[in-house]
Amino acid sequence: MVAAACGLAVTAAAAGSAAGTVAGPPARTAAVQGSLADVIIHPDAITVGKAQAGGPASTTQCESDFHVACYTPLQIRQAYDLPGLYAEGITGKGTTIVIVDSFGSPTIRHDLSVFDSTFGLPAPPSFQIIAPAGKLPAWSSEGDMPGWAGETTLDVEYAHAIAPGASILLVETPVDETEGVQGFPQIVAAEEYVLKHYHVDVISQSFSATEQTFPSKQSVMALRGANYAAQKDHVTVLAASGDSGAVDVELNGSTYYLFRVTSWSDSDPLVTAVGGTQLHLDAQGNPTTPATVWNDTYNQNASTFTTGSTADSPSASGGGKSIFFTRPSYQNGVASVVGDARGVPDISMSGACDGSVDVYSSYPGTMPGWTQECGTSEATPEFAGIVALAAQVAGHSLGLINPALYTMSADRAAYPGLVPVTSGNNTVTFKQNGTWYTVKGFNASPSGGYSLATGVGTVDALYFVPELAKLAG
């Protein structure tokens with residue numbers, strides 16, 4: 001879709017469930033900038049703009065040229081107070097981060113090397129790539145493979161940027177995960193293989209599928225084998241909460257539900273769901289104001305920057321209540337927010353497109369160079385890096401960390417590493433079949449408690465990492 005000037009009043013009531021859905025005028029406009037015409041969204045990563053030759057864009061360049069912020073990994077590190085940990089030798093040494101993606105990227109080793117050399121990062125101690133669920137199909141620059149290559153690149157580069165001393169195991173699968181069951185059997189088989197044959201600490205999944213796209217609850221339950229195995233082996237599993245705010249896509253992959261939905265596997269009680277925030281940083285990476293809920297839906301400059309993808313589409317931190325899973329015991333303290341359902345996300349990291357991160361890629365079908373990427377696919381590998389740091393401190397993998405997160409949230413004075421997000425929401429407005437719809441989402445908690453927009457909040461890693469290591473260890 002191409003961004004266009006908007007200002008149309010909604011003249012029809014939204015179809016489907018009316019819960020959380022209202023009709024009204026869209027509160028934004030956007031203009032096309034042809035210089036940034038290439039946008040990829042799949043499935044929880046957003047690549048904005050064409051590749052840039054030369055070095056990565058600076059915050060000043062992005063703000064000057066596009067009126068949005070973009071950040072380097074060094075700024076992201078500073079934003080999360082990581083340099084103090086690195087100075088103490090806490091880099092993820094001795095841990096392994098598993099990154100799972102359909103197809104992977106044929107140039108990821110080279111691209112990570114360029115990324116590292118540009119920002120003065122060491123190579124990971126070990127970087128293995130396996131495809132245990134079957135031979136990958138031949139590369140094609142058509143279809144979804146380039147999107148997954150971009151996803152893979154973002155995942156690997158930013159997990160490594162946060163935990164440079166951690167080993168990386170990239171697990172590529174041969175079937176495209178879209179919506180519903182497709183792709184998940186191979187992902188589950190690959191993860192089960194990894195858990196059986198490798199010693200790993202955290203599994204990062206930057207993808208999800210809308211719960212309503214599965215044919216039944218039973219079809220989801222049949223896909224939980226790797227999550228159970230991870231629980232048994234004391235391995236932390238993460239999943240992105242999605243990039244469409246309070247809604248998400250239907251089975252066709254192109255239209256959105258017109259009522260609140262959420263996605264799996266982030267909704268699984270055995271998984272930590274990672275949402276998105278917007279960082280507000282200076283050139284060094286120091287926060288100028290506190291992080292807010294990621295919601296670019298009403299941000300004209302972000303819509304222009306992404307040239308159409310967010311102009312007609314929702315673009316915000318995914319969050320909501322599961323239709324498949326009841327409230328787990330660790331969420332009993334936030335029952336007033338989640339009710340009887342499993343609520344997501346659990347925690348959040350940087351994900352805004354107005355605050356996107358510099359990524360280097362050169363896979364076939366794209367011009368080699370630097371792009372900016374955003375979404376909960378950024379947030380999830382970043383948090384995987386945080387978990388790896390905590391696992392190093394603990395001296396072992398942490399397993400399901402959700403009980404620890406909610407314990408920290410219940411006593412924030414004792415756990416300063418958990419940073420509240422008190423402003424913003426994931427309400428979205430989008431145009432579908434010629435009509436504008438607004439689906440009312442969830443607000444951040446003004447008091448700094450749990451919300452269905454960013455979970456328990458975000459982190460100050462200097463304090464959070466040892467706190468998590470102690471509680472979950």
Inset, instruction - Name the residue farthest towards the positive end of the dipole of the chain from the options Pro269, Ile386, Cys374, assuming +1 on Cβ of Lys and Arg, -1 on Cβ of Asp and Glu, about the Cα centre. - result: Pro269
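Based on the Cα coordinates of the chain, what is the per residue volume of their convex hull in Å³?
Hull volume over Cα atoms, normalised by residue count, gives 123 Å³.
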Inset, instruction - With a 10 Å radius around each residue's Cβ, average the other Cβ atoms per peptide and rank 111-122, 386-397, highest first. - result: 386-397, 111-122
Legend entry - Proximal lysine pairs, the chain, alpha carbons under 16 Å, eight or more residues apart or interchain: 4
Inset, instruction - Would you list the P(r) distribution for region 162-292, with all Cα-Cα distances sorted into 5 Å bins from 0 and each bin expressed as a whole %? - result: 2, 10, 17, 19, 18, 13, 10, 7, 3, 0
Inset, instruction - Evaluate region 321-473: find the radius of gyration of its Cα atoms, find its Kirkwood radius, and give the ratio Rg to Rh. - result: 1.03
Legend entry - Backbone HN-Hα couplings from phi across region 345-362 [Karplus 6.51/-1.76/1.60, Hz, Gly and Pro as x]: x, 9, 7, 9, 9, 4, x, 6, 6, 7, x, 5, 10, 6, 9, 9, 8, 8
Legend entry - Rough spin-label spacing in nm, given labels placed 7 Å along Cα→Cβ, for Asp65 and Lys217: 5.1 nm
Legend entry - Estimated vicinal HN-Hα couplings, Hz - region 154-160 in sequence order (Karplus 6.51, -1.76, 1.60; Gly, Pro = x): 4, 4, 5, 5, 8, 5, 5
Legend entry - Cleavage-rule hits (chymotrypsin sites (Phe, Trp or Tyr not before Pro)) in region 270-333: DSSP loop, at most 14 neighbouring Cβ within 10 angstrom: none
Legend entry - Euclidean distance of C-alpha centroids, region 397-453 and region 173-229, integer Å: 24 Å
Inset, instruction - Indicate, rounded to the nearest 5 percent, the antiparallel portion of the DSSP beta bridges found entirely in region 21-472. - result: 55 percent
Inset, instruction - Return the distance in nm (one decimal) between the two label points of a simple spin-label model at Asn286 and His396, each offset 7 Å from Cα along Cα→Cβ. - result: 4.1 nm
Legend entry - Sequence-distant residues sharing a close amide H with Phe325 (under 5 Å, placed H): Arg342
Inset, instruction - For region 275-382, divide the Cα radius of gyration by the Kirkwood radius and give the resulting Rg/Rh value with two decimals. - result: 1.06
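Laboratory data are not the source of any read-out in this text; all were calculated from the coordinates shown. What you are looking at is a predicted structure, and each value in this text was computed from that prediction instead of being measured. With ideal geometry, Cβ positions are generated from the backbone for all residues, glycine too; neighbour counts draw on all protein chains shown.
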